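Taking it in order: structure first as structure tokens, then the write-up.
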Amino acid sequence: MIVYNLKCKNGHEFEGWFASMAAYDEQVAGGKLICPMCNSHKVEKAIMAPAVSGAKKMTLNTDEIHKMRKVMSGIRKKVLEEGENVGRRFPEEARAIHNGNAEERQIYGEASMTEVKELIDEGVEVAPLPPDLDEVAN
């Protein structure tokens, strides 16, 4: 799994999680990357600071936390609105789509950590669905 800082043409910055560098390149080439704040398809890697051992712990201010919550909520909302809930069939459906044995579409559902690892090892692009932060807060 690799994480990139991404930036859209309107200056919105957010994180993207990818199974590999090639997976990122594929999604960019296919126009599949979308800014969760403005839905722009013009998304590119933002400048990233390297992880340095012994570096100071990062603290987030309230505005940054609010922006992160908004991004996570936007991702969750988009997936729930546009994806198909396949429930416990997720590993099989994801694998079938990846192998060309099922219609290509956006899906979400349930999988164990073992199943997720197997999918990633097979090159199937999967990512966890952000939690419902409003539900977590209550």
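Just for segment 97-115: of the residues that are exposed (fewer than 14 other Cβ atoms within 10 Å of the Cβ) and assigned to a helix (DSSP H, G or I), which one is modelled with the lowest pLDDT?
MET113
The single condition among (1) modelled with pLDDT under 90; (2) basic (Lys, Arg); (3) over 23 Å from TYR24 (Cβ atoms) that ARG76 does not meet is (3). Among the residues of segment 71-92, the ones that are loosely packed, with under 14 Cβ neighbours inside 10 Å and more than 14 Å from the chain's Cα centre (by Cα) come to 6 in all.
In segment 47-59, is there at least one residue being assigned to a helix (DSSP H, G or I), exposed (fewer than 15 other Cβ atoms within 10 Å of the Cβ) and modelled with pLDDT under 85? So far as segment 47-59 goes, no, none of its residues is assigned to a helix (DSSP H, G or I), exposed (fewer than 15 other Cβ atoms within 10 Å of the Cβ) and modelled with pLDDT under 85. Among the residues making up segment 97-125, those that are hydrophobic (A, V, I, L, M, F, W, C), more than 15 Å from the chain's Cα centre (by Cα) and under 20 Å from ARG76 (Cα atoms) are ALA111, MET113.
The values are calculated or read from the model by the stated rules, or taken from the named source; none is laboratory data. Source: prediction; values computed, not measured. Note that we place each Cβ from the backbone using ideal geometry, even for glycine, and neighbour counts take in every protein chain shown.
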